[in-house]
1. Could you run through the range 321-344 and say how many residues are within 17 Å of ILE71 (Cα to Cα) and part of a helix (DSSP H, G or I)?
2. With LEU226, LEU196 as the choices, which residue is touching a Ser or Thr at 6+ places or on another chain (Cβ under 9 Å) and not in a loop (DSSP other than H, G, I, E, B)?
3. Given the residues VAL325, VAL354, VAL321, which is the only one that is under 15 Å from the mean Cα position of the chain (by Cα) and within 18 Å of GLU157 (Cβ to Cβ)?
4. Could you grab me the full set of residues in the range 293-322 that are free of Cβ contacts under 8 Å to residues at least 60 places away in the same chain, surrounded by fewer than 16 Cβ atoms within 10 Å (Cβ to Cβ) and of a type in the set (A, V, I, L, M, F, W, C)?
5. Being under 23 Å from the mean Cα position of the chain (by Cα) and in a helix (DSSP H, G or I) is the filter; apply it to the range 254-269 and report the residue that is surrounded by the most Cβ atoms within 10 Å (Cβ to Cβ).
6. What do you reckon, is GLY20 in contact with a strand residue (DSSP E or B) (Cβ under 6 Å, 6 or more places away or on another chain) and touching a residue at least 24 places away in the same chain (Cβ under 8 Å)?
7. What are the residues in the range 333-362 that are at pLDDT 95 or above and among the polar types (S, T, N, Q), if any?
8. Looking at the range 127-153, which of its residues are within 16 Å of ASP38 (Cβ to Cβ) and part of a loop (DSSP other than H, G, I, E, B)?
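The values are calculated or read from the model by the stated rules, or taken from the named source; none is laboratory data. None of the values given here were measured: they were computed from a predicted structure. Methodologically, a virtual Cβ is constructed for each residue, glycine included, from the backbone with ideal geometry; neighbour enumeration extends over all protein chains shown.
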Amino acid sequence: MSTDYKFQGWMGLDPSAVDGNMKWQSYEPKPWQETDVDIKITHAGICGSDLHTLRSGWKPTDYPCCVGHEIVGHAVKVGNKAEGDIKVGDRVGVGAQSSSCLKPDCEECANGVENHCQNIGKANTYDDRYPDGSKSYGGYADYWRGPSHFVFKIPEEISSEDAAPMLCGGITLYSPLKRNGCGPGKKVGIIGIGGLGHFGILYAKALGADKIVAISRKANKKDDALKLGADEYISTDEDSKWAEHHAQSVDLLISTVSSPNMPLEQYLQLLRVHGTFIQVGAPEDRLPAFHAFALIAKGAKIGGSAIGAPGEIREMLDLTVKKKVKAWINTRPMKEANQTVVDMGANKARYRYVLVNEAHVK
């Protein structure tokens with residue numbers, strides 16, 4: 001079916017793209033289906049996953065690739081079988097996942113954890129393939145097309161620039177916090193105070209944790225962490241005995257660190273009996289080894305979490321409105337995507353970059 005708009009965006013053509021060498025060019029979106037929605041993109045958050053993908057860090061990237069999976073804009077075309085009561089003109093968004101099998105006999109999809117679907121049909125929002133073999137393209141672009149099941153109405157109380165990074169960065173922290181009991185009576189630690197970690201503090205606070213401990217290598221983010229809502233700050237570079245001094249102090253630890261050199265065994269010392277450690281950062285190499293007694297002695301658990309399910313994203317957006325959660329963001333014009341990716345790689349974001357497609361913002 002023809003449209004009066006073109007699908008074009010910033011394309012990574014090889015691993016040098018991460019050094020500011022993306023090229024603006026056209027591409028062919030997935031074939032239209034009546035369950036799909038086309039979005040005219042106004043805002044696109046920049047995620048660490050974008051950099052890993054642009055440089056083929058996790059695996060060889062299927063170039064050409066348009067990254068960006070924190071997308072907000074307006075629906076310009078809605079299929080007659082679309083879900084979610086989405087109408088043309090609605091302000092909507094999509095996060096890191098754009099498809100799953102959705103089969104009734106799929107244990108994950110049937111039980112509201114589509115983000116863990118293990119079947120053919122699951123697709124990431126970019127650098128992946130839909131069931132028909134067509135490629136998925138992301139949000140550093142003018143338009144996006146994908147299945148409506150993974151498209152969300154944005155509450156009017158949340159600005160587009162705030163909503164965009166919540167759709168991956170926000171849910172990546174909200175989901176493991178909520179699923180692992182963050183709330184009154186719980187003490188929570190957030191490891192890594194960056195784009196993900198700052199959401200960890202914000203949502204731990206919104207969920208009502210009794211105590212929030214921010215953990216980072218250097219002391220330079222202490223003031224920010226306390227302003228975000230942390231009650232305590234641990235700088236691991238400043239105190240050589242930090243793990244000993246803060247042993248058995250938290251019930252839940254969420255690690256956003258993407259370095260394979262993290263002091264994992266020392267992190268585990270911070271857990272209380274029956275505490276839980278959840279890894280959400282994704283290093284390009286293996287996690288470090290640790291002694292089994294770090295878990296056995298306390299009956300502790302270690303696990304992982306991947307983004308969040310559609311139902312959790314809607315729940316997170318509702319909580320965002322209720323508790324007036326506001327991300328710390330820096331906006332940049334879409335035309336400056338290359339420089340912004342470079343700045344992201346240099347850790348200059350405080351704490352999420354959002355690209356603004358100025359041609360589409362009225």
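1. 6
2. Just one listed residue meets the conditions, LEU196.
3. VAL354
4. If the condition is that a residue be free of Cβ contacts under 8 Å to residues at least 60 places away in the same chain, surrounded by fewer than 16 Cβ atoms within 10 Å (Cβ to Cβ) and of a type in the set (A, V, I, L, M, F, W, C), then PHE293, ILE296, ALA297 are the ones that fit.
5. Restricting to residues being under 23 Å from the mean Cα position of the chain (by Cα) and in a helix (DSSP H, G or I), the top hit is TYR267.
6. No.
7. Scanning the range 333-362 gives ASN338, GLN339, THR340, ASN357.
8. Across the range 127-153, the qualifying residues are TYR130, SER134, SER136, TYR137, GLY138, GLY139, ASP142.
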